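Colleague: Before we start, here is the structure in question, set down as structure tokens.
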Amino acid sequence: MRLRFAETLARLAYEDPRIYIVVADISPAGPMVEFRDRFPERFINVGVAEQAMIGVCAGLALRGMRPFAYTIATFALYRPFEFIRDDLAYQNLPVTVVGIGGGVIYSTLGGTHHAQEDVAIASAIPNMGVVAPCDPDEAEAVTNYLVARESGGPVYMRIGKAGEPNITSGIRSPFEFGKIRTFYRGTGDIAILSYGLMMHEAVKVADALSASGRSVTLVSTPTLKPLDTEGLAEILASHRNVVVLEEHAPQGGLASQVKQLAWDTNACCDLRTFTLKDEFIHCYGTHADLLRAHGLGVREIVGQL
Amino acid sequence: MGIEKVIAAPAFDASEAQQRCAEFRLRILEMSQRVTALHMAPAFSCMEITDAIYSGLMHDDQQNKSSDTFIMSKGHGYLAQLVILESRGVIPISEINRYCTPEGILGAHPDLGTPGIAAATGSLGHGLGMSLGIAIAERNMAESREMLPGTVYVVLSDGELQEGSTWESIILASSLGVRNLVAVVDNNDYQSLGKTSETHPSLYPLAEKFESFGWEAATVDGHDSSAIVESISSRVGDRPFMLVAKTIKGKGVSFMENVPVWHYRSPSVEECAVAVAEITGR
């Protein structure tokens with residue numbers, strides 16, 4: 001996903017002189033290296049200085065540029081939080097803050113590298129959009145949108161690391177900012193909602209439920225803000241069971257927002273949510289190990305449905 | 001190469017500047033009688049700096065050079081900028097009269113969308129980073145249009161030099177070789193809890209610090225308008241430039257000078273009369 005994002009952005013940046021890539025001492029992924037060598041004036045490495053990264057992006061955007069700030073999610077969003085809020089969101093500037101490895105993907109690096117509350121934090125800021133593509137194709141579509149849009153303020157983009165397979169290739173509903181995507185539709189028994197890398201686990205949960213005879217609807221919400229409340233309300237209204245799977249803290253992400261929406265819309269479905277725990281877990285291993293430690297293993301989830 | 005010097009600065013008359021700054025201070029005093037809280041002493045501190053930049057340094061020459069930019073990074077110096085923008089017809093008198101009221105558009109800090117304001121500030125440590133981004137964009141745009149880049153002038157407070165983000169931008173500006181960036185530190189030596197030089201003595205003297213981080217730097221009397229203009233316009237210009245302007249917080253009104261409460265207090269009718277008399281010399 002990271003590589004496809006880099007490929008797409010570098011390709012667009014060749015054509016569009018408004019695009020700047022501003023990184024904080026993170027090795028530029030694949031095709032960004034070639035862009036850096038050809039357009040050094042539009043590739044800025046600020047060093048380990050994330051506040052300056054956001055401030056410089058704001059200044060560039062104030063002169064009509066389309067900067068992308070790019071580093072590991074915790075350092076992209078948490079360290080310069082007030083700069084994102086004041087410089088980008090308060091001034092409503094079209095800067096994309098790209099956080100690599102949102103959630104607990106950096107599974108051996110410990111809590112300092114886990115962005116497990118990023119969606120809540122970014123979503124709380126007025127004017128801020130939040131997107132989390134689930135595979136390389138969706139990352140490309142999101143990047144195309146963020147460059148092509150003619151209006152709108154800052155967007156936080158949570159992406160994975162590298163090597164995720166495509167899972168959206170065959171689906172009919174295209175990526176549209178602010179809209180849910182339906183992978184496939186069942187007959188109203190159970191709907192699974194997820195986004196980002198967790199969508200891959202959602203596919204497996206859905207497959208397991210289908211194999212046991214359930215009629216499953218599988219939906220992704222690549223845009224977390226603005227949330228597609230209309231689309232989600234329709235899912236809540238048309239299914240007996242709705243399940244949210246989320247690699248994010250229980251507060252302020254998709255799960256809590258869907259619960260709120262269910263109340264607001266008088267939904268009468270059975271609603272279950274599976275999220276990261278509200279804890280720092282001192283567990284090291286693979287990404288899958290970390291998800292299991294948080295109670296997000298596929299087998300554990302399916303066993304409860 | 002001193003690229004900014006290719007276009008001569010407009011003539012600058014020191015006595016006219018002194019007269020303007022007195023009128024600006026009187027205008028702020030007049031405003032103080034209508035609102036309960038405003039940053040008067042911080043504005044008086046950077047009055048000559050801000051006036052010198054607007055009147056002696058910033059100039060438009062759309063043929064050969066893109067526009068200059070002014071950013072008040074010390075957002076609490078905003079009144080100094082507001083009365084200057086009013087005098088230039090950028091902000092209407094009617095808006096100054098509605099300052100900090102729901103009927104008007106002006107608050108106590110610069111806000112994007114207000115005429116003449118290039119960036120929103122108010123939280124310290126933000127202005128230099130944004131100024132650097134603007135300077136980079138101006139440089140690259142000017143290069144592609146074969147013009148000279150507009151210069152970005154940014155006024156910092158000395159308290160703001162305690163923000164780590166300010167130093168992130170200081171090292172970055174020199175590493176990127178940005179020449180069209182001029183920062184002025186309003187070095188009045190005061191912050192909320194006392195003297196800046198007593199809070200962090202090792203940060204002083206200032207100019208040497210900036211030079212050691214790759215900036216060209218100079219120190220002047222920050223109430224000497226001609227010295228400010230002269231120092232900035234005679235810079236070598238091959239790197240970012242920092243002017244340390246030695247100032248007095250509350251400058252011009254004896255009972256406000258170096259007295260912390262005037263950071264945001266408004267004078268009573270009697271105090272205002274004394275202040276007006278001191279400024280007008282009557």
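Colleague: In the list A:Phe43, A:Phe39, which residue meets the criterion of being modelled with pLDDT under 95 and either surrounded by 17 or more Cβ atoms within 10 Å (Cβ to Cβ) or under 20 Å from B:Ile170 (Cα atoms) (or both)?
Modeller: None of the other options fit; the residue is A:Phe39.
Colleague: Count, please, the residues in the stretch A:225-258 that happen to be out of contact with any Ser or Thr (no Cβ under 7 Å at 6 or more places or on another chain) and among the basic types (Lys, Arg).
Modeller: Total satisfying the criteria: 1.
Colleague: Taking only pairs six or more apart or across chains, which ones have beta-carbon atoms under 7 Å, a first residue in the stretch A:41-52 that is under 11 Å from A:Ile26 (Cβ atoms), and a second residue that is modelled with pLDDT under 95 and not in a strand (DSSP E or B)?
Modeller: Qualifying pairs under 7 Å: A:Asn45/A:Asp25; A:Gly47/A:Asp25; A:Val48/A:Asp25.
Colleague: Could I ask something else about it? Just to verify a result, which residue in the stretch B:177-198, among those that are exposed (fewer than 15 other Cβ atoms within 10 Å of the Cβ) and at pLDDT 95 or above, is farthest from B:Met147 (Cα to Cα)?
Modeller: This residue is B:Glu198.
Colleague: Only residues that are of a type in the set (Ser, Thr, Tyr) and either in contact (Cβ under 8 Å) with a residue 60 or more places away in the chain or surrounded by fewer than 22 Cβ atoms within 10 Å (Cβ to Cβ) (or both): list them for the stretch B:72-98, please.
Modeller: Matches in the stretch B:72-98: B:Ser73, B:Ser87, B:Ser94.
Colleague: Determine which member of the set A:Ile105, A:Ile121, A:Ile167, A:Ile125 is surrounded by 15 or more Cβ atoms within 10 Å (Cβ to Cβ), within 14 Å of the chain's Cα centre (by Cα) and in a loop (DSSP other than H, G, I, E, B).
Modeller: Answer to the selection: A:Ile105.
Colleague: Same structure, new question: Please indicate, with yes or no, whether at least one residue in the stretch B:167-176 is surrounded by fewer than 22 Cβ atoms within 10 Å (Cβ to Cβ), at pLDDT below 95 and more than 8 Å from chain A (Cβ to nearest Cβ).
Modeller: no
Colleague: Now a separate question. For the stretch A:76-95, which residues satisfy the criterion of being surrounded by fewer than 23 Cβ atoms within 10 Å (Cβ to Cβ) and more than 13 Å from chain B (Cβ to nearest Cβ)?
Modeller: Selection gives A:Tyr78, A:Pro94.
Colleague: Please work out which residue is nearest to B:Glu23 (Cα to Cα), limiting yourself to the stretch B:72-98 and to residues that are away from every other protein chain (no Cβ under 12 Å) and in a loop (DSSP other than H, G, I, E, B).
Modeller: B:Arg88
Colleague: Something else: In the set A:Val119, A:Val131, A:Val95, which member is under 20 Å from A:Asp25 (Cβ atoms) and modelled with pLDDT of 95 or more?
Modeller: That would be A:Val95, the only listed residue that is under 20 Å from A:Asp25 (Cβ atoms) and modelled with pLDDT of 95 or more.
Colleague: Checking A:Ala29 against (1) more than 14 Å from every other protein chain (Cβ to nearest Cβ); (2) in contact with a Cys (Cβ under 7 Å, 6 or more places away or on another chain), which single condition isn't satisfied?
Modeller: For A:Ala29, the failing item is (2).
Colleague: Quick test for you: out of B:Thr114, B:Thr101, B:Thr69, B:Thr121, pick the one residue that is surrounded by fewer than 22 Cβ atoms within 10 Å (Cβ to Cβ), within 14 Å of another protein chain (Cβ to nearest Cβ) and of a type in the set (S, T, N, Q).
Modeller: B:Thr114 is the lone residue from the list that is surrounded by fewer than 22 Cβ atoms within 10 Å (Cβ to Cβ), within 14 Å of another protein chain (Cβ to nearest Cβ) and of a type in the set (S, T, N, Q).
Colleague: Can you find even one residue in the stretch B:203-223 that is in contact (Cβ under 8 Å) with a residue 60 or more places away in the chain and farther than 30 Å from A:Asp25 by Cβ?
Modeller: Checking the stretch B:203-223: at least one residue is in contact (Cβ under 8 Å) with a residue 60 or more places away in the chain and farther than 30 Å from A:Asp25 by Cβ.
Colleague: Oh, and also: Scan the stretch B:35-91 for residues that are farther than 19 Å from B:Gly250 by Cβ and among the polar types (S, T, N, Q) and jot them down.
Modeller: Hits for the stretch B:35-91 are B:Ser55, B:Gln62, B:Gln63, B:Asn64, B:Ser66, B:Ser67, B:Thr69, B:Ser73, B:Ser87.
Colleague: Could you run through the stretch A:257-275 and say how many residues are free of Cβ contacts under 8 Å to residues at least 12 places away in the same chain and closer than 16 Å to A:Pro226 by Cα?
Modeller: 1
Colleague: Right, next: Return the residues of the stretch B:140-154 that are at the interface with chain A (Cβ under 9 Å from one of its Cβ atoms), touching a helix residue (DSSP H, G or I) at 6+ places or on another chain (Cβ under 8 Å) and either crowded, with 22+ Cβ neighbours inside 10 Å or hydroxyl-bearing (Ser, Thr, Tyr) (or both); say none if nothing qualifies.
Modeller: B:Val152 - this is the single residue of the stretch B:140-154 that is at the interface with chain A (Cβ under 9 Å from one of its Cβ atoms), touching a helix residue (DSSP H, G or I) at 6+ places or on another chain (Cβ under 8 Å) and either crowded, with 22+ Cβ neighbours inside 10 Å or hydroxyl-bearing (Ser, Thr, Tyr) (or both).
The values are calculated or read from the model by the stated rules, or taken from the named source; none is laboratory data. Given the structure is predicted, the values throughout are model-derived calculations rather than measurements. Using ideal geometry, Cβ is built from the backbone for each residue, glycine included, and neighbour counts are taken over all protein chains shown.
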